[in-house]
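Below is one structure; the comments refer to it alone.
The values are calculated or read from the model by the stated rules, or taken from the named source; none is laboratory data. As the structure is a prediction and not an experimental result, all values here were calculated from the model. So basically every Cβ, Gly included, is an ideal-geometry build from the backbone, and we count neighbours across all protein chains shown.
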Amino acid sequence: MRFFGGIVWFGVGLFGLAVWGQPRLRPLAGTYLRPVEGEVIAPPPLTFPNLFSDSRPYHNPRLLKAIARAENQEDILALDSLLRQYVTRFRVANFRDTTSLQLLWKWAQLREYRGDTLLSAYLYGLCLRNMHNAPSAIRVAYRRLQERWHSEWVPLEYYRKIVRLRQKIDTLAPPRGVLLSLGPHINSPYPDYAPYMHPSGKVLIFTSRREDMLTALDSDQLRNEDLYYSQQDFVRGGFKPAEKFRDVINSPYNEGSACINSDGTVLILARCDAPDGYGSCDLYMARYENGRWQTPQNLGPLVNSAYWDSHPFLVGDSLLFFASNRPEGFGQSDIYVTRLREDGTWDKPQNLGPPINTLGDEVTPYFYEPYQTLYFSSTGQPLGYGGYDIYKSRWTGSFWEEPRNLGPLVNTDGDEYYFTIDGRGSKIYYARASRKNPRNFDLYSFELPMEARPDAVTKLAGYLIDSLSGQPLVGIVIAIDLTEGTEITPVFANQYGYFEFMLVQNRQYQLMVLDTNLIRIPDTVALLNDETYSLLLTTAELQRPYVLENLEFPTNSAEITPEAYPRLDYIAGFLLKYPFVKLRVEGHTDAVGDPAYNRKLSRQRAENIRRYLLQATGLPPDQIVAEGYGPDRPLLPNTTEENRARNRRVEFILEVPPEKLLLMRLDYLFGEDWDVPGAEIEEPEDFPLDPEFQTPEMEMPDLGDEYEEPVSQEFDPPLIEEEEEVSDK
């Protein structure tokens, strides 16, 4: 795809007018951008009202003959209308039918031909999600139509290099991409996986094969799956050592993928190969009553099928998401939702449909209720990184938003599934196997990068525009979260110069752009609503000027105002760092008024800027020169007020000796902190421990040899324990 040329720009070096993190620069007083109206999430351009009306595919021979006739006659309008009639009557089975999918592709091509970018991109996306080995032409078309409003994350191997470089010249921290072990209280020498963290953060439930007992039906299977839990320790801090649920919950069969309701009195779990099951794995519910867990009850044939039903996630007390491979779905495994009625029965499960479910596997749903955001793993969504990738999609009240990949800091070229998110929406817990033993999983935590958080629902978008030509630039854009002091995963600006980030509201952000410069944009963004604006950049290597179009002077005056000092100090800091750079300051005006007067005024303004910079830097006088051209060198015709405003400007032309330019590149690209190209990052032997799961050592009182804490097999401690209030007396 064309805008991947941004990688080439990355390689040419870091130099230019305003290099990040100059120690002599005064802090810039950021300009707050005026908030604009929030983004309106448009519904999908096409609906399928009959999607679940019948298990058979929609088939209309008469309509198919009419489509073939219109195509042979090259009647574009008739063909468009007929294809719409047929496709909008699709049922789920049509998305598994080759002939139907060919019609879908044909209509996507026709809508693209007729200029309907939105609908054609949606149709191409449906093709990618539902076709076996979709033709490359579909993927190319989908990417092409996504280009104008889509930006890609920088590949992880490039980003690691950027982080190393950034650490050399700035103190801001990279995203917290450190995998933290949940420690020996949770993990065992055997597989531990399928975590569930209650939204309260008080209890962690997970699946483990640590018991020696083998499964009831398959003595060759690698140990029995059982459910364990660990509770927050309100006395010592951290989490208590994991305990196994009693045998009323765990059985000789396999139990796993459990979750609980809001107060911890209802447990939903998956049990496989049980004699009272309807399929290979079924969903069960156990209640906590009178201080004990009661025997789990099968949710019945309305919820469970004759196939595989697992990965439950209970929202509150009644809304249940789960995964199933029942044959009436879109693919190998789909995500369904059902609701508990007041009479204690469950509604018929509803397939979430497109764009969530695809031809591939959709598993491990997690619904973050405060922001109505569904997280799930999928092998069928377009433009993934590996096998199973984790995606998120918001429920708007009437439809699911287009799923977003969580990006390269979460997803890899391997498989990411069996995960849970904490109640704050800031941390993800998931199982990970070591490279040495790919069958042995341990549980880890990971700080969610900004783009993966459920509250990152506000779009910050913009365009990189060359300040002289007005043409788009391809580069790498990095956003800095000034509130937390961390940076967000960088993205490429595409061939149109467009980039976007999904960010958290009510925070301040700084933008940095990496092309042939490393520039910090001197504007602090107070993100309140969705923002879109343009950034004016410059390229020293290509001898483009840096333009300050809004460096204002009083009318008919050459006096520099105090408001201009921070921007000029910015330039002075660069000259101090690279004293071999020569600078030419050029003043320009519009064509209004006497040309001779304008030339004189522009020359005097440029000269005053020159004097200010010489005084600030102490450089030799011949290192900075000033020129004034008045209206003689307009960027645009002086025919409109907008064009005249563009023509009123001050340009700074950098003159860098070629041999020094190379030294500047080497200084930043191949310093001692720069990664060796192609070097692999070795996996550590031991991962650091998550502080939330560390239990401090405490001296316990000596209660004597005769004291022994009573243990009762007839009592189960409540999963959600209330914190004891500490008296001030």
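Considering only residues that are in contact (Cβ under 8 Å) with a residue 60 or more places away in the chain and surrounded by 18 or more Cβ atoms within 10 Å (Cβ to Cβ), look in region 120-139 and name the one that is farthest from the chain's Cα centre (by Cα). Out of the qualifying residues, it is Met131. Considered as a group, the residues in region 401-436 that are surrounded by 15 or more Cβ atoms within 10 Å (Cβ to Cβ) and of a type in the set (Lys, Arg) include one that is nearest to Phe501 (Cα to Cα), and that residue is Arg404.
Of all strands (runs of 3 or more DSSP E) completely enclosed by region 233-338, which ones contain at least 1 residues that are more than 31 Å from the chain's Cα centre (by Cα)?
In region 233-338, 254-260, 266-272, 281-289 are the strands (runs of 3 or more DSSP E) which contain 1 or more residues that are more than 31 Å from the chain's Cα centre (by Cα).
Against the test of being basic (Lys, Arg) and modelled with pLDDT of 90 or more, the options Arg435, Arg439, Arg453 yield a single qualifying residue, Arg453. Residues that are acidic (Asp, Glu) and either assigned to a loop (DSSP other than H, G, I, E, B) or surrounded by fewer than 16 Cβ atoms within 10 Å (Cβ to Cβ) (or both) within region 140-154 comprise just one, Glu152. Answer with yes or no whether Ser257 is in contact with a Pro (Cβ under 9 Å, 6 or more places away or on another chain), modelled with pLDDT of 90 or more, on the phi > 0 side of the Ramachandran plot and not aromatic (Phe, Trp, Tyr). Here the answer is yes, as Ser257 does meet what is asked. Taking the criterion of being surrounded by fewer than 18 Cβ atoms within 10 Å (Cβ to Cβ) and among the small types (Gly, Ala, Ser), the residues of region 570-615 that qualify are Ala591, Gly593, Ala596.
For region 360-459, the strands (runs of 3 or more DSSP E) that sit wholly inside it and include 2 or more residues that are under 28 Å from Leu46 (Cβ atoms) and in contact with a Leu (Cβ under 9 Å, 6 or more places away or on another chain) are 362-368, 373-378, 389-394.
Taken as a whole, the structure places Gly386 among residues that are surrounded by fewer than 20 Cβ atoms within 10 Å (Cβ to Cβ) and more than 29 Å from Asp317 (Cα to Cα).
Sub-7 Å Cβ pairs linking a first residue in region 430-457 that is under 27 Å from Arg210 (Cα atoms) to a second residue that is modelled with pLDDT under 85 and among the hydrophobic types (A, V, I, L, M, F, W, C), at least 6 apart or interchain, are Arg439/Ala433; Asn440/Ala433; Phe441/Ala433; Tyr444/Leu179; Tyr444/Phe687; Phe446/Leu179, ordered by first then second residue.
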